[in-house]
1. Search the structure for amide H atoms under 5 Å from the amide H of Arg91, placed 1.01 Å from N in the peptide plane, and list their residues when 5 or more places away or on another chain.
2. For the chain, modelled as a GNM with alpha-carbon contacts under 10 angstrom, which of Val395, Val42, Val148 fluctuates the most?
3. Name the shape class, rounded, prolate or oblate, that the alpha-carbon gyration tensor gives for segment 331-376, where a ≥ b ≥ c are the square roots of its eigenvalues, rounded holds for a/c under 1.5, and otherwise prolate holds if a/b is larger than b/c and oblate otherwise.
4. With log10 I(q)/I(0) by the Debye sum over Cα atoms at q = 0.09, 0.14 Å⁻¹ in mind, check (1) -0.58, -1.30; (2) -0.65, -1.29; (3) -0.50, -1.24 and report the label derived from this structure.
5. Using a cut-off of under 16 Å, list every residue of segment 287-311 whose amide N is near the label point 7 Å from the Cα of Asn266 along the Cα-to-beta-carbon line.
6. Using modelled backbone amide H atoms (1.01 Å from N, in-plane), which distant-in-sequence or interchain residues come within less than 5 Å of Gly34's amide H?
7. So what is the 222 nm mean residue ellipticity for the chain from helices alone, if each DSSP H run of at least 4 adds -39500 (n - 2.57) and you divide by all residues, rounding to the nearest 500 deg cm²/dmol?
8. Rg to Rh for segment 192-248: what is it, with Cα atoms only and Rh by Kirkwood?
Amino acid sequence: MKKVLSIFLILIVLFAIGCEDRSELTPPAPPSTGQVNFSTFVTLGNSLTAAYQNGALYESSQMYSIGKLIADQVGIPFEQPIVSDPGTGGRLEVEALTATGIKIYTNPNQGQPKNLNLNRPYNNLAVPGAFLYDVANATSSTTCYSYVFGGQANPLFDLVLRGQGSMLSQAKVLNPTVVTLWIGNNDILGHATSGATVPYTPSVNFAALYNALANELAATGAKVVVANIPDVTAIPFFTTVGPTLAAQGISAVWVVRGVGDTIPVNVMTNYLTLKAIDLLNQGKGLSKPNPLPNSVVLDSLEALNVKNVINDYNTTIASVATAKGFGLVDANALLNNAKKGLTVNGIKFTTQYVTGGLFSLDGVHPTSRGYAIIANEFIKVINQKWGANIPLVNVANIPGSLILVKGYNQLGLPILPVGALDNLLF
C-alpha cells in the first residue's frame with residue numbers, strides 16, 4: 001500500500017510540474033542590431049543580389065538571396081519578386097551522372113510570378129542583367145541599359161519594377177533605413193564573357209554614375225552597405241576549360257583573331273570561356289582549318305585590361321564608401337581567398353566548376369551556399385561598423401551542391417547543350 005501511495009504522490013508532483021504556469025516565459029530576444037534600424041531593409045543590384053543561379057531566377061534559389069538571408073537573421077519580413085520553379089526559363093540542370101561524366105540540359109519550362117500584386121515596392125529590387133546606369137534610370141525592359149545602348153530588351157525589369165519606377169525611386173518610396181548596393185559587375189562582365197567583343201563602361205563614366213547614385217542613397221538617411229567588384233576572370237566561366245584541356249595534353253587551340261587571322265592560343269595563359277565547350281565537343285579549335293571564334297576566348301592582354309578596369313571601379317567604390325560613411329564589403333578579396341579554398345562551418349569550398357560548391361552550373365553565379373557566404377560578409381561589415389551583433393548564417397544549413405563522379409568526356413569537359421549559355425543574365 002505504501003508503494004502505491006508513493007507512486008501516486010510522484011504522479012501528483014509530475015502533474016503539478018506539468019501544469020506549472022509558464023506565462024512569464026518569453027521567446028529569445030532578437031539579435032542586437034546596434035545603431036542599425038532594420039525596420040525597412042532594401043537591396044539594390046543585379047543578378048547576384050537577386051539570387052540568380054544556374055542561368056535562371058527561381059524561388060528555391062531566391063529564398064537564399066543575400067537580402068533574404070540577412071533579413072532572416074534579423075527576424076524581419078523581406079518581399080521579393082518570387083518566380084516559381086523552374087523560374088524565368090533556361091534553367092541549367094543535370095540530366096545525367098554517369099561513369100563518363102555529367103550531362104547538363106536546359107529546362108524548357110517556366111515558372112510563374114507569385115506576388116506581382118504586392119501593393120508596394122519589393123524589398124529586393126535587384127534586376128538580373130542590370131548595369132550601374134540602370135539603378136537610377138531604367139524603369140522597364142525598353143529603358144534599361146541593354147536596350148538603350150544595344151537594342152536588347154530585358155523582361156526582368158518589368159517583372160521586378162512593375163512599371164512603378166526605377167530601382168532607386170522605388171527604394172525611396174519605401175523610406176529605407178538600411179540599403180545594400182552591389183552593382184557594376186555587368187559594366188565589365190559582358191565585355192569579358194564575350195571575349196572583349198562588346199564594350200564596357202569607361203571608368204570615368206562609372207565614377208560619375210556611382211558618385212551620383214551614392215549621393216541619392218546618402219540623402220535617404222539610411223545605413224548603406226556597398227560591395228565592390230570581384231575579378232571576373234577568377235570565376236569558373238573562365239577558369240574551367242583551359243586547365244582541363246591542359247590536363248588532357250592539349251596546350252593550345254586554334255582561334256580566329258581578326259579577319260582571316262587564325263592563330264594558336266595557349267590554353268593556360270589565355271581564358272577559354274564555358275561557351276567554348278560545345279564547340280570543342282564538336283571538334284572546333286583542335287585544328288587550324290576548324291578554329292574557335294574570337295568571342296569564346298579572352299586573351300591575356302584583354303584579361304589584363306579587364307583587371308585594370310575592375311581596379312578602377314573598385315577604387316571609385318572604396319573612395320565613395322569612405323566619403324559617405326558607407327559600409328564596404330570586399331567581394332574582390334573574398335573571391336581571391338576562395339581561389340585558395342575556404343572552409344566555412346566545416347565545409348570546404350573552392351572555385352572549381354560545380355564541384356567546388358561555390359558556383360552553380362552557369363559558372364558565373366554562386367550556389368545557395370555561395371550566397372550565404374556572401375551574406376555573412378555583409379553581416380560582418382554591419383556588425384563591425386555599427387556595433388550590431390547579428391549572428392552569421394550557418395552555411396551548413398543551406399542546401400548544398402552536386403557531388404559529381406570523376407571525369408566528364410573525352411576532353412574532360414562537361415556536356416553542355418549548344419547555346420545553353422547564350423542568354424545568361426549577370
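Only the coordinates and a few stated rules stand behind these numbers; no lab work does. None of these values were measured; they are calculated from a predicted model. With ideal geometry, Cβ positions are generated from the backbone for all residues, glycine too; neighbour counts draw on all protein chains shown.
1. Asn107
2. Highest fluctuation of the listed residues: Val148.
3. The shape class here is rounded.
4. The value computed from this structure is option (1).
5. Zone members listed by number: 298-304.
6. Asn389
7. -10500 deg cm²/dmol
8. The Rg/Rh ratio comes out at 1.19.
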